[in-house]
Each structure stands twice: as C-alpha cells, then as structure tokens.
Amino acid sequence: MSQPSTQRALVTKRRALREKIESTKEFLKILFRKKSAVAGVSIVLFFTILGALADYITEYSYRDTAIAADFAMPSWAAPPDVPRNINFYFKTFELVSKKGDDTVKVEFKQLEDGGAEVVITGSGVANIVLASVEQLEYPYRPARSMYLESHITVTNATESIAWYNVKFAIENIDLVKQNATLEIGDNITIPRGFYVFYDEIGQKIFTLYEYLNEPLDRSVSATLPNPILNRIQPYVDLKTMEGLIEGVNAAKELVLEKDTRLRVLVNITYYCNPMDFMVRCPENASLRVVVKPVHLFIKGDAHGILGTNYMGADVWAQFVYGARSAVVLGLAVSTAIVVLGLVVGLIAGYRLGTLTDHVLTFTIDLVYFIPLLPMVMVVGIVFGRALYLIYAVLILLAWPGVARTVRHWTSTLRSSLYVEAARAIGAGDLWILTRHIAPQVIPYVVYSIVMSVPGVIAFEAGIQLIGFGDPEAPTWGRMISESYWGGGFLNNAWWWIIPPILGLVGISIGFALIGLALDEIVNPRLRR
Amino acid sequence: MGVGSHLAKLGVRMIITYLAVIASYFVIIRVLPVLAAGGNPMADPVIAALRRTAEDPRFNLWIEEAMKRFGLDRPLFPDQFILYMKNTLAYNFGISIFTQRPVLSEIAIRLPYTLSLYTILTILPIVIGYYLGIVSAQHRGKKLDTALTQGAIISYIIPSWLILLLVYYFLAYLPKRVWGFYIFPLPVKPPSIEIADMEAFKYLLWYMTPLIMAGTLAWTGPWIYFIRQIVVSELGSDYSMVALAKGGAPRYVLRKHVVPNVRPPLMVQLAYAVPGIFGGALIFEIVGNWPGIAYFAYQAFLNWDFPVMTAFFAISATLIVVSLFVAELLLLLLDPKARTKGS
C-alpha cells in the first residue's frame, strides 16, 4: 500500500471518529435536555460512585459479622447514652495484693510492650492479684454484650512447676465500692461489679484437684453473655451460688453501669507444699506467668452510618457493596441478555424463512415456555445456590423478547434499498449484518439494556426472598430477604429494611427514567 | 390463504411446540439431575425424595411400588421418557410423592386460594387501568397525565412482592410497634376460604386486603400505560381528527370512535394474562403466605415432588398454548386488518 493512500485512510477514519463523537455529543445534548433523563442519570451515577468508592467509604467488609451488637441503631439516630462500640486495651498491670505465706516470693515485672510477668518461687500458699492500671470510664447505659480477649503463658522458672490456677476477672470499681447487689429471685442476691470471665480450672469438665501443674499457653477469650450457657461464676466466697444464677446477662446486669470505671484483674493462686502427699510439689518448684494485654470490646447498640443487622454486620457496608453489584451485575447481565437476543434475532431475521430462521424461532418459542423461577429452583437444587448460576439461568431464559423484536426489525431492514445496494456491490452477509443492519438496531439495543436492568436486580432479590439466592452475595436482594426472614421487620430495624428497598427502587427508577428518555429519542413519534 | 387454513397452521404449530415443551421439561427436571448426579442413584433427586417419604413407617413398603410406577428401575431413555410423555399428555399425573394424595386433587385444594386472589388481581388492575389510561390520554401533556404515566412506570418497575413487603411493614409491623395493634394481619396464619362462617370470612377479607392492595398497585401500572398509549395513538389518527373536525365533542369522539378500537388489543392482552392466574406470582405468595398453587409448586420443588412438578409445568404450558391460540383467534375475529394480513 502506498503512503498517500494510508494517509487518506487515516484521515477518513479520523473524520468518521469525529463524526461519531459529534453525533454522540448531539445525542447527549438531546438526552440532557429532558429533566427526567437528567434525574435518571444522576440517580444511576450516584449509585455508581457509591459502588466505586465502596472500598474507601466503608470500614468493614459486607461479610464481617459481630462488629457491633445485633440490631444496633445508626449512631446518628441514637440518643447519646446508647452504648457505642468500645475497643480498649488494658496494657499495664500492677500488683495489688499478695496474700498467703511469707515463704513465697513474688517478682512482678511490667513488660514493655504491654502485659505483665510474675515469677513466683518458694513453697507455701499464695494468692496474687494483678490489676490493670488503666481504668475505662464507661459513659453509656448498660450494653448488651462484651468480648474480652487475652493470652496467657505459664511456665516454670526453675526445674519444676508448682500447682496453680489463673483467673481473669473484670471489675467495676465503683459498683464494688458501693457493694451493689442484684436480686435474682427467691431472695437471692448476688454482688454486682465483679465477673470472672476466665478460670483455667473452671474450663475443665473434670478436675481432680483445684489446681493444675502443667505449662499453659493459650488464648483467653470470653463473650458475655455466654451464647451457650450464661452462668455467672462468682468469686471465691460465693462459690456455692454456682448453677443457681443462670440466665442473667452478665455484661448488662453485673458489670456495666453508666458512669462507672472498669478494670481487669488477674488472680493467680499458687500452691506448693512439699509435705502434701496428695498434691505433690518438689522443693524448688516455681511459676512464671506472662499475661498479655487484655482487649475489651463492648458491642455498641448504636453503630456507624446505618447500624447493624441480625448478625451484627455493618448495614452501610452491605448497602454500598450492594450498590456496586446492582450497577455492575445489573448492567452486565442485561447486556448479556440483550446481546444474546440481538445475535439470535439478527440471524433469524436475516435468514427469514429459511431453516435457520425456523429453528431459531422454534427455540424462541420453546424458551418462552420454560418458567424462570422454577428453573432457577431446579438449578439451585441440582447444582447449588450461586450467583453466577442464577444469572446464567436468567440470561439463558430471558433473551427471547429481544430476539423476537430484533428479528422483526431485521426482516424489514433486510429488504431495504441500501442493503440491496450493499449486496449489489458484493458485500458479504456478515458485513451487511454488522455494518448496515446492526447499527440500525443499536438504539433499541441500548434502550432494552437500560430498561432490563431493574428487572435483573429485582429478579435476584426475588430469588433471594424465596430462599434460592446466593447466601453470600453482596446484593440488596440478600439484605431485603434477610431483613424479612431474619427479624428485621419484627424488630422494626428500619435502618436495615429501608436502605436496600430504597436503593432497589431508586436505581430501578433511575434506569427507567433513562430508558424512557432514550425511547423518546429513538422513537421520534413519541417526542412531544 | 383463508382464516381457516391460517388457524389450522397455527394450531399445528402450537401442538408441535406443546409437545416439544413437554419433552423439554423432561430434560430439565429428569435428565439434567441424573446427569448432574453422574450415575449415582442416591444423588438422583426423585429417588432421594422417594426415600425421604419412605422414612415414614406407613410408606416404607411403598418405595418399590413407586419406583415401578414411575419406571425408575428402567432406563431413562426411551422407557421413562415414553412413560412420562404418555402420562403427562393424558394428564395422568398420579400421586404426589410428598403427600401421597392424587396430584390433581392436591391442586384442586389450592385452586380456591389461587382463583379468589388472582381473579380479583386480574380484573381490578384492568378496570382501574382502563379508566385511568383513558383519563391520562384525555389530559395528554398535562400534569395529571405526567403523574399517571410516571406512577404507572414506577408501578411497572417495582416488583409486586416489594410493594407487599412495604405494605406489611407500614401497615402491619410498624403500627404494631408504634400503636400496639395491627391494621392488617401478619402473614402468619392463612385463612380458610369460607363464606358461610361470618368470622372466617371477615378474617379472609382482612388477610386478603394487603395482598390485593399490593397486587393492584403493582399490576395496574402496565395497564394504565398500555391503554394510554393506544388511546393517544388512536386520538391522533385520521378518523378521530375527522370526527373532531366535524364538530364532535371530544368526549363523544372518545366514546364512540376511540374506545371501540381499544378493546381488541385489550382482549388480546387479557388472553395473554389469563394463564398467569394459574401460575400466580410465586414470590408474592411466599411473602404473603398465601397457600395458592404457586406456593404448592414451590413446596413441590423443594421436596422434588416429581409428579407435582410435572403437573404444574404441564398445566401451565397447556394454559399458555390455549391462551396464545385464543389471543390469535381474537385478533382475527376483532381486527379486520389482521384478517387481511393473514391472507
């Protein structure tokens, strides 16, 4: 090819491109002259931006659960005394009391990176209490639950290990000072402000002695109230109460109280009596206890922008990721449906009356008879409930509408003059289809893509509602279905119910407004 | 080519389509799971469903008999396929695996629920949509028209079950929370269809009201839009122009010239809508806890109750075929243009 001809080709190409841009500009100008189109575009744009920024504007993933109490309100809607999330670390400890024999020596050391180390040597009995120096001012009304976590390592400092037990407790200084009590029926009162949340001996189902003498290295964690058995384990002198006081929410009733101070206690019981023939302990036994900082997490009843759902998951994160999947999946799936219909319709229409047309038309008729929802259920039961399967079924069953229309259009366009002309100068079928007929159908294609997005989103939501949706999908449909079946309606969790419904309705109306504006532009008949 | 031969051709096409559709259902609900199971008979959902039923001591001798009846001990093709086609085309669906009662009588039990709800929900939207559509067309370009059209589009876009959810939230859950009483009952205990017992009938009406409200809101929109578009295009046509130019009052022109032309497409649309009465709206029924046929089919799918699934598919397909045929027939009878086009 000679140089000038390539240049000429380039110039024509550029001109074509410019014309295309011009026509697009013209098109957009017409589009934005309509108020409803502007409204639709801004709604869709809003959700698109929301979805695009999902990673930056949410602290949590839509998968994270238990980030606050279940059914936590949005924090802006809650009164100031409703508990918020509290994350607190009790890092520094001090030795507050050492009771027992003088023969027992205790060395206490504060570790640099938080936590404490206690070395106990000598024979005898001792009870050592470490208390955190930090005190947490608790400013809210009692929260429903809290979570405590630490790590403990027990080894021997000398050759052998002594007998011991370790307990972690959380103490409300003010309540203990006031000698506050809680009546739990039948004139039984228990002291408030003190809760043993970890007891190494108490963890075991079967204990021979009240002590153990083996090394220990484990994480300590407790959720209050205990989801399985909410039993209070009162401190030493109230031991007889055990088993009587089930069903008391330890976090709420015993420890948390507005405007009080909390601290953490570590209680180490040491026993080494060489004379005891039952609980044997050599002369030179010792104990080294290392306690890591204690993490306290009080689950707030008010949280974030949109509160939490029944699993304590962040509704805002779910909403934002739902916007992302609504826009992305909605557009992708409706594009797939329309493109499939377009291809089939083009072929059938272009080959009107031939065997290909008959086969394709018959397929269209057949697919029309396969009901969508039962088909999704069949696929869900046979192959499992996954988002891609649901959308695959939708794409495979939803295209006939577009195909029928495109077939009709193509069949009329096929016999138009310019197609005849193109055929006369020897253009191939594929060329005619892609260069002459398809561009004529493009406005309709864009219109159907835009108009089928609401259906795609609502379809997924409906599938979720009948229990055949992907249980891990980040969609508004899952939020709606979970809020309906998971107690959102019964608990009046409006912050959980309203956003996904509003999102679904909003984006549907947005796309519909754009679609209608497009319809008026492509069908000039409708223009007023 | 006359009307008769056109109809005959259509009928033949419909019958072929119907046969192919029934056969394709066999592929979907019988062949597909077997292929997915990969030759493992335990993973075949029909056999799994039979075994589940056989856990009931009353039916544990029944499994062999049932296997024989469904031909499950014979190869999938051709024996099972032929048996299936024969039974399905003869509407001989047999006994439900799950409830051990004849499928057709099971469907008959649910039929009053489906008919009572969806007959209302088919007629009411059409009646309202018909009048509002004409009103909208009369006020074409004015505020009322814009409001009605936009309302119609919103009603079309938002799924019926979502409107039902909102109705339940704002008229049942929320009033209970705020004022301590229900305006409408929660969808917990479905009523019995009884007219003799006054209390039961009152409860039935009370229970149905939110369903009817939501259904009407959701399904009126498309009719408004549909009727409006027809009326607008007819009002813009030559004969209306002539009638108006001759000095006919707009109302008179509308009543005498336009409305008769609205009826044929309306009848055709109605013919398309009728099979929907049987299938109902599944998600709508599940949200509203309405024990209609759709809900029954849903439970059948969950339990893989093969005979019921077949019956549901076959009856729906029959109704669709018949309605398509009737729609075509109506077009030929009511619209002279279509009659000439056919020839």
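Output the number of residues of region A:383-405 satisfying the condition of being surrounded by 16 or more Cβ atoms within 10 Å (Cβ to Cβ), free of Cβ contacts under 8 Å to residues at least 24 places away in the same chain and small (Gly, Ala, Ser).
At the first step, the residues of region A:383-405 found to be surrounded by 16 or more Cβ atoms within 10 Å (Cβ to Cβ) are A:385-387, A:389-405.
The next check asks that each one be free of Cβ contacts under 8 Å to residues at least 24 places away in the same chain; those that pass are A:389, A:392-393.
Now narrow it down to the ones that are small (Gly, Ala, Ser): A:392.
Result for region A:383-405: 1.
Looking only at region B:275-323, which residues are at the interface with chain A (Cβ under 9 Å from one of its Cβ atoms) and at positive phi?
B:TRP304
Restricting to region A:56-100, name every residue that is surrounded by fewer than 16 Cβ atoms within 10 Å (Cβ to Cβ) and of a type in the set (Lys, Arg).
Selection gives A:ARG63, A:LYS99.
Can you tell me which residue in region A:425-465 is nearest to the other protein chains (Cβ to nearest Cβ), limited to those that are of a type in the set (Gly, Ala, Ser) and within 15 Å of A:PHE511 (Cβ to Cβ)?
Taking the candidates together, the pick is A:ALA458.
Looking for whichever is farther than 30 Å from B:GLU55 by Cβ, modelled with pLDDT of 90 or more, of a type outside the set (Val, Ile, Thr) and not in a loop (DSSP other than H, G, I, E, B) here; the options are B:LEU329, B:LEU319. Which one fits?
That would be B:LEU319, the only listed residue that is farther than 30 Å from B:GLU55 by Cβ, modelled with pLDDT of 90 or more, of a type outside the set (Val, Ile, Thr) and not in a loop (DSSP other than H, G, I, E, B).
Of everything in region B:166-220, what is within 12 Å of chain A (Cβ to nearest Cβ) and closer than 21 Å to B:THR114 by Cα? Give them in sequence order.
If the condition is that a residue be within 12 Å of chain A (Cβ to nearest Cβ) and closer than 21 Å to B:THR114 by Cα, then B:VAL167, B:TYR168, B:LEU186, B:PRO187, B:VAL188, B:ALA218 are the ones that fit.
Just a yes or no: is a residue in region A:107-126 modelled with pLDDT of 90 or more, farther than 30 Å from A:VAL279 by Cβ and within 28 Å of the chain's Cα centre (by Cα)?
No: region A:107-126 contains no residue that is modelled with pLDDT of 90 or more, farther than 30 Å from A:VAL279 by Cβ and within 28 Å of the chain's Cα centre (by Cα).
Please work out if A:ASP357 is within 25 Å of B:LEU19 (Cβ to Cβ), among the acidic types (Asp, Glu) and within 13 Å of another protein chain (Cβ to nearest Cβ). Even if it seems obvious, please write down each step before you answer.
Numbers: within 25 Å of B:LEU19 (Cβ to Cβ): yes; among the acidic types (Asp, Glu): yes; within 13 Å of another protein chain (Cβ to nearest Cβ): no.
Criteria not met by A:ASP357.
Is it true that A:LEU513 is within 12 Å of chain B (Cβ to nearest Cβ) and assigned to a helix (DSSP H, G or I)?
Answer is yes for this residue.
It is to be established whether one or more residues within region A:108-123 are in contact with a Pro (Cβ under 9 Å, 6 or more places away or on another chain) and of a type in the set (Lys, Arg).
No, every residue in region A:108-123 fails to be in contact with a Pro (Cβ under 9 Å, 6 or more places away or on another chain) and of a type in the set (Lys, Arg).
Residues of region B:194-211 being closer than 22 Å to B:SER160 by Cβ and surrounded by 15 or more Cβ atoms within 10 Å (Cβ to Cβ), which ones? Steps first, please.
To start, the set of residues in region B:194-211 that are closer than 22 Å to B:SER160 by Cβ comprises B:204-211.
B:LEU204, B:TYR207, B:MET208, B:THR209, B:PRO210, B:LEU211 - these are the residues of region B:194-211 that are closer than 22 Å to B:SER160 by Cβ and surrounded by 15 or more Cβ atoms within 10 Å (Cβ to Cβ).
Does region B:135-142 contain at least one residue that is touching a residue at least 60 places away in the same chain (Cβ under 8 Å), buried (at least 22 other Cβ atoms within 10 Å of the Cβ) and either in contact with a strand residue (DSSP E or B) (Cβ under 9 Å, 6 or more places away or on another chain) or over 30 Å from A:ASN492 (Cα atoms) (or both)? Walk me through it before giving the result.
Restricting attention to region B:135-142, the residues satisfying the condition of being touching a residue at least 60 places away in the same chain (Cβ under 8 Å) are B:136-138, B:140.
If we keep only those that are buried (at least 22 other Cβ atoms within 10 Å of the Cβ) as well, we get B:136-137.
Of the ones still in play, those that are also either in contact with a strand residue (DSSP E or B) (Cβ under 9 Å, 6 or more places away or on another chain) or over 30 Å from A:ASN492 (Cα atoms) (or both) are B:136-137.
Checked region B:135-142: at least one residue is touching a residue at least 60 places away in the same chain (Cβ under 8 Å), buried (at least 22 other Cβ atoms within 10 Å of the Cβ) and either in contact with a strand residue (DSSP E or B) (Cβ under 9 Å, 6 or more places away or on another chain) or over 30 Å from A:ASN492 (Cα atoms) (or both).
Residue pairs, Cβ under 8 Å, 6 or more apart or interchain, first in region A:485-501 and over 14 Å from A:ALA69 (Cβ atoms), second outside any helix (DSSP H, G or I) and of a type in the set (S, T, N, Q). List them.
Within 8 Å, the pairs are A:GLY486/A:ASN309; A:GLY488/A:ASN309.
Working carefully through the options B:PRO159, B:PRO102, find the one that is under 14 Å from B:PRO222 (Cβ atoms) and either within 14 Å of chain A (Cβ to nearest Cβ) or modelled with pLDDT of 90 or more (or both).
B:PRO159
State the number of residues belonging to region A:176-209 that are part of a loop (DSSP other than H, G, I, E, B) and either among the polar types (S, T, N, Q) or modelled with pLDDT of 80 or more (or both).
So the count comes out to 6.
Could you say whether any residue in region B:270-284 is over 11 Å from the mean Cα position of the chain (by Cα) and at pLDDT below 90?
Checked against the condition, which is being over 11 Å from the mean Cα position of the chain (by Cα) and at pLDDT below 90, region B:270-284 yields at least one hit.
Residue check, A:ILE497 against (1) within 21 Å of A:ALA386 (Cα to Cα); (2) under 17 Å from the mean Cα position of the chain (by Cα); (3) at the interface with another protein chain (Cβ under 9 Å from one of its Cβ atoms), all met but one. Which one?
Here A:ILE497 clears every test but (1).
Which of the residues belonging to region A:466-493 are buried (at least 20 other Cβ atoms within 10 Å of the Cβ), more than 8 Å from chain B (Cβ to nearest Cβ) and closer than 18 Å to B:VAL287 by Cβ?
Passing the criteria: A:PHE468, A:GLY469, A:THR475, A:TRP476, A:GLY477, A:ARG478, A:MET479, A:SER481, A:GLU482, A:SER483, A:GLY488, A:ALA493.
Kindly indicate whether any position in region B:234-248 is in contact (Cβ under 8 Å) with a residue 12 or more places away in the chain, within 12 Å of chain A (Cβ to nearest Cβ), among the small types (Gly, Ala, Ser) and in contact with a helix residue (DSSP H, G or I) (Cβ under 7 Å, 6 or more places away or on another chain).
No: region B:234-248 contains no residue that is in contact (Cβ under 8 Å) with a residue 12 or more places away in the chain, within 12 Å of chain A (Cβ to nearest Cβ), among the small types (Gly, Ala, Ser) and in contact with a helix residue (DSSP H, G or I) (Cβ under 7 Å, 6 or more places away or on another chain).
List the number of the failed condition for B:TYR272; all other conditions in (1) within 11 Å of another protein chain (Cβ to nearest Cβ); (2) more than 23 Å from A:MET377 (Cβ to Cβ) hold.
Failed condition: (1).
Which residue is surrounded by the most Cβ atoms within 10 Å (Cβ to Cβ), if the candidates are limited to region A:371-382 and must be touching a residue at least 24 places away in the same chain (Cβ under 8 Å) and more than 7 Å from chain B (Cβ to nearest Cβ)?
In this case the residue turns out to be A:VAL376.
Which of the residues belonging to region B:14-34 are over 16 Å from A:THR363 (Cβ atoms) and either at the interface with chain A (Cβ under 7 Å from one of its Cβ atoms) or among the basic types (Lys, Arg) (or both)?
Selection gives B:ILE29, B:ARG30, B:LEU32, B:PRO33.
The values are calculated or read from the model by the stated rules, or taken from the named source; none is laboratory data. Not measured: the values here are computed from a predicted model. Heads up, the Cβs are rebuilt from the backbone with ideal geometry, glycines too, and the neighbour counts pull from every protein chain shown.
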